[in-house]
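Peer 1: After the structure tokens below, expect a handful of questions from me.
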Amino acid sequence: MTSLIRYRWFPQWLRSRRLHYIVGGTGILFVLFALLRILFLFGFSDAAGRDDIDGGTILKALGIGFRFDLRLAVLVMLPVAVLASIPRWNLATLPLLRWIARLYLSLAVFALLLVYILDFGHYAYLAIRINSTVFKFIQDAGISGGMVWQSYPVVWITLGWLATGMLTLAALFALERSTFRRERIPVSRWSAAGGFAIMIVLTFLGLLGRVSNINIENPTPLRWSDAFFSGNEAVGALGLNPVIFLYDTLEVPQDPYDEALVRQYYPVMSAYLGVDNPDVSKLNFERRVGPQPHRLKFSRPPNVIFVMLESLGASRLGAYGNPLDPSPNLDALARSGWFFERFYVPFTGTAKTVWASITGIPDVSRQATATRNPLITRQRTLINALEGYEKLYLIGGSAGWANISALIRQSIDGVTLYQEGYWRAPNVDVWGISDLDLFKESDRILRDLPGDRPFFAYIQTAANHRPFTIPPNNDDFQPVAITLEEAQKYGFVSVEQFNAVRLLDYNVGRLMEMAQEGGYFDNTIFVFFGDHNDRITTLPHMPPAFEQLALESLHVPHIIYAPGLLEPRVIEETVSLVDVLPTVAGLLGLEYVNTTLGRDIQMPAPEGERVVPVVLRDSIFPLIGAATRDYVVRMNHDGSEPSLHDLRSDKPLQNIADNQPEEFRRLADIARGAYETSRLMFYRNVR
């Protein structure tokens, strides 16, 4: 009776039980999503506690995020609102409809919470909010599931998921019972109509996500791009809602390439690549390259060994300034070989690195990796210019991951693929055998090759990857005990990751020892490169630009080491992963035809100071760019919102395009041209 008296004081249009239930249910869901956003801020986000991000910026991002959360809450309650709005048979009068609403809400709440959990895990590993590219992992569900099980406390996460879902549903069901068991208060027809109209307006505003500057004729809703108002990726991530952003990315049409844009930028790109016979009508990118003056002098062709260093960012090496001394062996190789100070992979991701290193084309696929596209996995590669070479690809786990086996087998002529199932050593985790065992068994294979033929071997490591397994058989390697605070101060997310980097470096040292013992060390060119960097914490030993402009995920070590053939050298200009094969081909004095984006770094760059294209945000809405030693240009993939940034500045987020208009235009044209041209090259480079 007390509650009934209380509700009688409401205006008639506010007395509806159905209205109270819909508003209350929306409020409960909004509180849930808002609390999850706060959890993301303090538990996962890179924005909290950073000196370069002020409190006002964080509050603005949270404000945008809360509006997305309200939109999601409204969307979830819309089907229930429809059931409540039926004039005669509705939630208030028909128990069956209430059971249907309960079932729907139960499925919705648990499904949405699962998306949040996946988003938190995705961001914890890659510092990227979940988007449609996550579905590529379903194609490798066994490996993906194994990595998750071995890396995360799945049982506790599952219990938290169930508990949170049940508490939320308990609140929603309690609201339903207290609302519909209350005695109905009569409401006039006009008051009911007025309340309905007001609810329509409020629902519209909740979905729109804004209440000011609304164009009634063409209202513009709050969009994901609004979250990136500051230009800072961490701030943008804080403003997104994972469920809505995931849906937005699913809605983007995926044309293979835009030929009109390729033609528009063809003059820029044909000059950048040094095309022999430019022809905009044919979109010809072919260059015939003969033996260069800078080729090595040797009595017999050298062997070539590529070693892909899993998840190894440049900032994790002592050679790039890390004071924790995690990489003494790689540091020694850097001092004795060619050391690349500014080397970038064009896109983050292991499969994308495999693609770019073999094909010479940046993997700019926006929904899945290029290796998963069966129409383009048979590519031309300069590896095939190594005539007379034995060709081997060696990986400790399954090459079925991301379908890279299709690219390897279809593109590299005569290659022998060694993978899971061949090795004598046992698997140590989901990624297969340990890197040390991989190096030992690879060494055995290389020693057994015929001595009258050189070889090309591509060895793909995996241990510096979650779950950061330290296997029991490591020869004399021992983990080092440091504090978590010390590890995180210099970029490592955990002590386990710090020791995983040390183990990878130790294994590289053992590989060098085995090569010397095996007799192929002196006549081999060793090519080391990281495949991408994973999530970092702080980087006091690196310029602020690498962290604030998202370059750190692409900035990886690159060393070419051949002590019997190459003099030590430091390369200060920017170099891309797609340049590795042309550079090695130039050292070997090969004659080849190049139809990709890669260039021999010893040949003069037509654009003057070398420029390399990069993709700074891994998303269905990528942030593309181009970098030199001193500058980077950034823009959305469609060319909107371009900006120029000084990599030497203490405030690298400042847009200096107006101060450097010529450099801005030069880099912007190459960034957009390289991105669009790469998409076309997927199909033009098919054999």
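The values are calculated or read from the model by the stated rules, or taken from the named source; none is laboratory data. What you are looking at is a predicted structure, and each value in this text was computed from that prediction instead of being measured. A quick note on method: Cβ atoms are made from the backbone with ideal geometry, for glycine too, and the neighbour counts reach across all protein chains shown. For accessibility, only protein heavy atoms count, side chains too; no ligands or nucleic acids. Shrake-Rupley method; radii C 1.70, N 1.55, O 1.52, S 1.80 Å.
Peer 1: Divide, for segment 426-470, the radius of gyration over alpha carbons by 2.2 N^0.38 Å, where N is the residue count.
Peer 2: So segment 426-470 has a normalised radius of gyration of 1.38.
Peer 1: Accessible area of the chain with a 1.4 Å probe: how many percent of it is carbon plus sulfur?
Peer 2: Reported share for carbon and sulfur atoms: 57 percent.
Peer 1: Where does the charge balance sit around Lys391 when Lys and Arg score +1, Asp and Glu -1, over other residues with C-beta under 13 Å from its C-beta?
Peer 2: The answer is -1.
Peer 1: Something else: Could you tally the net charge around Arg102, taking each other residue with its Cβ under 13 Å from the Cβ of Arg102, Lys/Arg +1 and Asp/Glu -1?
Peer 2: Computed value for this residue: +1.
Peer 1: Rg/Rh for segment 608-680: what does it come to with C-alpha atoms and Rh from Kirkwood?
Peer 2: That ratio equals 0.95.
Peer 1: I'd like to compare 656-662, 436-442, 258-264, 303-309: which one has the highest average count of other Cβ atoms within 10 Å, and what's the full order after that?
Peer 2: Peptide ranking by packing, descending: 303-309, 436-442, 258-264, 656-662.
Peer 1: To make sure I understand the rule: partners must be lysines, Cα under 22 Å from the Cα of Lys489, and not fewer than 8 residues away in the same chain. Which ones qualify?
Peer 2: Lys651
Peer 1: Separate question: Please compute one quarter of the surface area of the Cα convex hull for segment 240-351 and express it in square nanometres.
Peer 2: Projected area, direction-averaged: 13.2 nm².
Peer 1: Which shape class applies to segment 563-613: rounded if a/c is under 1.5, otherwise prolate when a/b exceeds b/c and oblate if not, where a ≥ b ≥ c are the square roots of the Cα gyration tensor eigenvalues?
Peer 2: Cα axes put segment 563-613 in the oblate bin.
Peer 1: Please state the relative contact order of the chain as a whole percent: Cα pairs under 8 Å, 6+ residues apart?
Peer 2: About 18 percent, as a whole number.
Peer 1: At a 10 angstrom cut-off on C-beta neighbours, averaged per residue, how do the peptides 52-60, 507-515 rank from highest to lowest?
Peer 2: Result, highest mean first: 507-515, 52-60.
Peer 1: Report the Rg/Rh value for segment 518-630, based on alpha-carbon coordinates and the Kirkwood definition of Rh.
Peer 2: Using only Cα positions, Rg/Rh for segment 518-630 is 1.00.
Peer 1: Okay, next question. So which lysines pass the test for Lys440, namely a Cα distance under 21 Å, with those fewer than 8 places away in the same chain ruled out?
Peer 2: Filter leaves Lys391.
Peer 1: Per residue of segment 573-584, in order, report the coupling 6.51 cos²θ - 1.76 cosθ + 1.60 (Karplus, θ = phi - 60°) as ³J(HN,Hα) in whole Hz, putting x for Gly and Pro.
Peer 2: 6, 6, 9, 10, 4, 5, 8, 5, 4, x, 5, 5
Peer 1: Working from the pairwise distances between different alpha carbons, so that the mean of 1/r is found and then inverted, what is segment 484-565's Kirkwood radius in Å?
Peer 2: Taking every pair of different Cα atoms in segment 484-565, averaging 1/r and inverting gives 14.8 Å.
Peer 1: Going by Cα centres, segment 366-415 and segment 443-522 are how many Å apart?
Peer 2: Here the two parts' Cα centres lie 23 Å apart.
Peer 1: Provide the three semi-axes, in whole Å and in decreasing order, of the ellipsoid equivalent to the chain as defined by the square roots of 5 times the Cα gyration tensor eigenvalues.
Peer 2: In descending order the semi-axes read 53, 28, 23 Å.
Peer 1: Along the Cα→Cβ direction, 7 angstrom out, place labels at Gln410 and Leu250. What is the inter-label distance in nm?
Peer 2: 2.8 nm
Peer 1: Follow-up question, since we're still on this one. Stretch His541-Trp89 to full length: gain in nm at 0.36 nm per residue minus the Cα-Cα span?
Peer 2: Between His541 and Trp89, full extension yields 156.0 nm more.
Peer 1: Right, next: How large is the convex hull of the C-alpha atoms of segment 15-112 per residue, in Å³?
Peer 2: 95 Å³
Peer 1: Show me, for segment 302-317, the HN-Hα J-couplings you get by feeding each phi into the Karplus relation (A = 6.51, B = -1.76, C = 1.60, θ = phi - 60°), rounded to Hz, glycine and proline as x.
Peer 2: Coupling constants for segment 302-317: x, 6, 10, 10, 8, 10, 8, 9, 4, 6, 9, x, 4, 5, 8, 9 Hz.
Peer 1: Could you do me a favour and compute the accessible area per residue for the chain, 1.4 Å probe, result in Å²?
Peer 2: In whole numbers, the chain has 42 Å² accessible per residue.
Peer 1: Here's something else I'd like to know. Rounded to the nearest 20 debye, what is the charge dipole size of the chain about its Cα centre when +1 sits on each Lys and Arg Cβ and -1 on each Asp and Glu Cβ?
Peer 2: Approximately 3560 debye in magnitude.
Peer 1: Given the convex hull of the Cα atoms of segment 518-562, what is a quarter of its surface area in nm²?
Peer 2: Over every viewing direction, the Cα hull of segment 518-562 projects on average to 4.5 nm².
Peer 1: Straight-line reach from Lys297: which aspartates and glutamates have a Cα under 17 Å away, not including same-chain ones fewer than 8 places off?
Peer 2: Asp522, Glu567, Glu591
Peer 1: Can you give the translational diffusion coefficient of segment 332-419 in µm²/s, computed by Stokes-Einstein from the Kirkwood radius over Cα pairs at 25 °C and 0.890 mPa s?
Peer 2: 172 µm²/s
Peer 1: Given H placed on each backbone N at 1.01 Å, which residues far from His637 in sequence or on other chains put an amide H within less than 5 Å of it?
Peer 2: Close amide H contacts, sequence-distant or interchain: Ile624.
Peer 1: Using DSSP to define loop residues, name the trypsin sites (Lys or Arg not before Pro) in segment 554-653 whose beta-carbon has at most 16 other beta-carbon atoms within 10 Å.
Peer 2: When the trypsin sites (Lys or Arg not before Pro) of segment 554-653 are filtered for loop state and at most 16 Cβ neighbours within 10 Å, Arg629, Arg648 remain.
Peer 1: Further question on the same structure: Can you sort Trp89, Trp224 by solvent-accessible area, 1.4 Å probe, largest first?
Peer 2: So the residues, ranked largest to smallest area, are Trp89, Trp224.
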